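The values are calculated or read from the model by the stated rules, or taken from the named source; none is laboratory data. The structure displayed is predicted, hence computed values, not measured ones. Note that we place each Cβ from the backbone using ideal geometry, even for glycine, and neighbour counts take in every protein chain shown. Remember, those area values only see protein heavy atoms, side chains included, never the ligands or the DNA or RNA. Shrake-Rupley method; radii C 1.70, N 1.55, O 1.52, S 1.80 Å.
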Amino acid sequence: MDENMDLNKQDMNMNENQLNNFMEAVENMDLNKQVFEKDNELESDTEDVLQEFANPNAVIEEVTDCMKTPRATLYEQNETPGGSIYWEPHVEGIRIPVEGTWYDTVDEAIDMYSKYAEMGGFEVKKSGQRLTKSGVVKHKYIMCNREGVPKGINVDTLDPEYSEKQKRNTTTHVTGCKARIKLVLDIVSGRYKLDQFYPKHNHMLIPKEYKHFTKKQRKMTQAEKMFVVKAATNKIGATRAHNLLSSMKGGYEYVHGTTDDFKNHQRDVNVFIGESDAQMLINKMENRKMYVPNFTFQYRVENSELVSMFWADEVAKCNYKEFGDIVSFDATFNSNNYNMKFVPFIGIDNHGKCVTLGSGMLLHEDTKSYTWLLTAFMTAFLKEPTMIMTDQDRAMKRAIEAVFTKAKHRLCMWHIMQNIPSK
C-alpha cells in the first residue's frame, strides 16, 4: 500500500516537471516569434528608408510640400461650392456692422467700420461717393484697402528714352476684395443708413500677433516722437531707442511704429532743424540768462556762422572765487558734427579735484579766437588769475599776452613730458 502511494507521488512530480518544461518552451517560442516579427518590421522600415533615399526627388517633393503648407490662421476660412476661398473676421458683440443701422454722420459710421476692421484684421479706405446739389454726401462706400485691380507697369528698359526712368508699383497689395459697407442719406432726417454690408474677403486677414504692423498702429504718438528726440540728444540711436521703449512697455506690440519708423522720424527732425541748430542753441542759452541767476553767455558770429561762444554759471563763478588762482585751459576736444573745439577752464580745489570754471567753443584755433574767448572770460569774472597753464600753442600765448597783464603763463608739465623726444 505504501509502495503504491510512493509510486503515484513520483508520477505526479514527473508530470509537474514535464508541464513546467512545456510552458517554458512555449514562452521561448513566443519570445522568438516576437523577436522575429520585430526584425521583420525593422527590415521593412530599412527597406522603405533605402527606397526613399534611392529616390531623392520624392524626399525633396515631400519637404517642399511641407514648406508650402500655409500656417494656421486665427480667422475663419471658408470655401464656396464653386471652389473659391474667402475669409471672414471673427468679431463678436456690437462691433459687427448691421444692415439697417442709422448713424448721425458719415464720420460716425467710418469710425465704427474702422474699429471693426481693426478687430477683424484688415484695414479700410474711403472710396467713391455721390453728392447732392448742395454738396451733401448722398452715397458713401468704405471698403477694404485691398479693393481694386493691380495695374501692371510695363517699361521698356532697352528704350533710351525710358531706360533711366524707374516706376514703383504701389498696387501690388490690392486683390480686388469686395468687403465693404455702403451708406445712404435719408433726405428727411439727415441721417445715414447702413444700406449694404459685405463681410467676405478674398485674402488672408492679419493675424492678431501682427496687428501692430498695420498702418494705423504704426502711427507714432506724440509721446513716442518726443522719446526718439530725447534719446537722440543723449546719443541713443533710433534702433536702441525702439528696443528700450519696447522693453519698458513689455513688448514690441505695445509700441506704435517699427524701427524704421523711429529712424524716419529722427531723420525728419534733423531735416526740420537743418541749418537753424546754431540759432536754437543761442536762443536756449539766452533764455537761460533770463531765468538762471548770475549766468553769463556770450557768442560771436562771422558771415552768419557761429564761430565762438563762452558761458559760465553761478557755480563756476563760486569755484573761480575760491580756486581761481591757477587756471588751466586747453582746446583738445573736437565735435564730430560741427568741428568746433571745446575749451574748458579748469581749476583745482582743496581736495586736489578738478572743478569747472567756465566753458567755451571755438571754430578756429587762432589768436583772434583765443583773444575773444579770454576777453569774455575776463568780462564774466572781472579778475585775472595768478597763473595760467596751457600747452605749447603759440596762438594761446599771444592771446594771453594781449588780454592778461599780471597773470603768469606757464606750460603744462604733462604736455612738456609728452613733447620731450625719447632716447
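So that you can scan it fast, the table gives a plain yes or no per residue for (1) under 48 Å from the mean Cα position of the chain (by Cα); (2) modelled with pLDDT under 90; (3) at negative phi:
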{"site": "324", "(1), (2), (3)": "no, yes, yes"}
{"site": "360", "(1), (2), (3)": "yes, no, yes"}
{"site": "376", "(1), (2), (3)": "yes, no, yes"}
{"site": "393", "(1), (2), (3)": "yes, yes, yes"}
{"site": "413", "(1), (2), (3)": "no, yes, yes"}
{"site": "417", "(1), (2), (3)": "no, yes, yes"}
When you go through (1) over 24 Å from residue 379 (Cβ atoms); (2) in a helix (DSSP H, G or I); (3) open to solvent by 70 Å² or more (accessible area, probe 1.4 Å) one by one for residue 287, which number turns out not to apply?
(1)
I'd like the residue in segment 218-232 that is in contact (Cβ under 8 Å) with a residue 24 or more places away in the chain and surrounded by fewer than 16 Cβ atoms within 10 Å (Cβ to Cβ) and, out of all such residues, is farthest from residue 145 (Cα to Cα).
229
For segment 98-148, enumerate the residues that are assigned to a loop (DSSP other than H, G, I, E, B), touching a strand residue (DSSP E or B) at 6+ places or on another chain (Cβ under 8 Å) and over 21 Å from residue 173 (Cα atoms).
98, 99, 100, 101, 104, 105, 132, 136
Restricting the first residue to segment 254-275 and requiring it to be within 28 Å of residue 210 (Cα to Cα), which pairs with a second residue that is at pLDDT below 85 and aromatic (Phe, Trp, Tyr) meet a Cβ separation below 9 Å and a spacing of at least six or different chains?
258/213; 258/252
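How many residues are hydrophobic (A, V, I, L, M, F, W, C) and surrounded by fewer than 17 Cβ atoms within 10 Å (Cβ to Cβ) when one looks only at segment 85-118? So that I can check it myself, show each step before the final result.
Initially, segment 85-118 is screened for residues hydrophobic (A, V, I, L, M, F, W, C), giving 85, 87, 91, 94, 96, 98, 102, 106, 109-110, 112, 117.
Checking which are surrounded by fewer than 17 Cβ atoms within 10 Å (Cβ to Cβ) leaves us with 85, 94, 96, 98, 102.
The qualifying residues number 5.
Taking only segment 276-299 into account, find how many residues are in contact (Cβ under 8 Å) with a residue 24 or more places away in the chain and in contact with a helix residue (DSSP H, G or I) (Cβ under 6 Å, 6 or more places away or on another chain).
Taking segment 276-299 and keeping what is in contact (Cβ under 8 Å) with a residue 24 or more places away in the chain, we get 278, 281-282, 285, 296, 298.
Next, only the ones that are in contact with a helix residue (DSSP H, G or I) (Cβ under 6 Å, 6 or more places away or on another chain) stay: 296, 298.
Final tally of qualifying residues: 2.
Can you tell me which residue in segment 244-270 is surrounded by the most Cβ atoms within 10 Å (Cβ to Cβ), limited to those that are assigned to a helix (DSSP H, G or I) and among the hydrophobic types (A, V, I, L, M, F, W, C)? Write out each step before concluding.
We begin by selecting, within segment 244-270, every residue assigned to a helix (DSSP H, G or I); these are 244-249, 252-254, 259-270.
Filter once more, so that each one left must be among the hydrophobic types (A, V, I, L, M, F, W, C): 244-245, 248, 262, 269.
Numbers: 244: 13, 245: 20, 248: 10, 262: 26, 269: 13.
Among them, the one singled out is 262.
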The residue that is surrounded by the fewest Cβ atoms within 10 Å (Cβ to Cβ), considering only those in segment 124-144 that are at pLDDT 85 or above and in contact with a Cys (Cβ under 9 Å, 6 or more places away or on another chain), is 143
If you go through 199, 207, the only one that is surrounded by fewer than 16 Cβ atoms within 10 Å (Cβ to Cβ) and over 16 Å from the mean Cα position of the chain (by Cα) is 207
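Would you confirm, using the coordinates I've provided, whether residue 240 is within 15 Å of the chain's Cα centre (by Cα), at pLDDT below 90 and basic (Lys, Arg)? Break it down into steps so the answer makes sense when it comes.
On the way: within 15 Å of the chain's Cα centre (by Cα): yes; at pLDDT below 90: no; basic (Lys, Arg): yes.
Spelling it out, it is not the case that residue 240 is within 15 Å of the chain's Cα centre (by Cα), at pLDDT below 90 and basic (Lys, Arg).
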Of all residues making up segment 359-414, the number that are surrounded by fewer than 15 Cβ atoms within 10 Å (Cβ to Cβ), under 26 Å from residue 306 (Cβ atoms) and in contact (Cβ under 8 Å) with a residue 60 or more places away in the chain:
1
Residue by residue through segment 202-239, note down the ones that are closer than 17 Å to residue 89 by Cβ and in a loop (DSSP other than H, G, I, E, B).
202, 203, 204, 205, 206, 207, 214, 216, 217
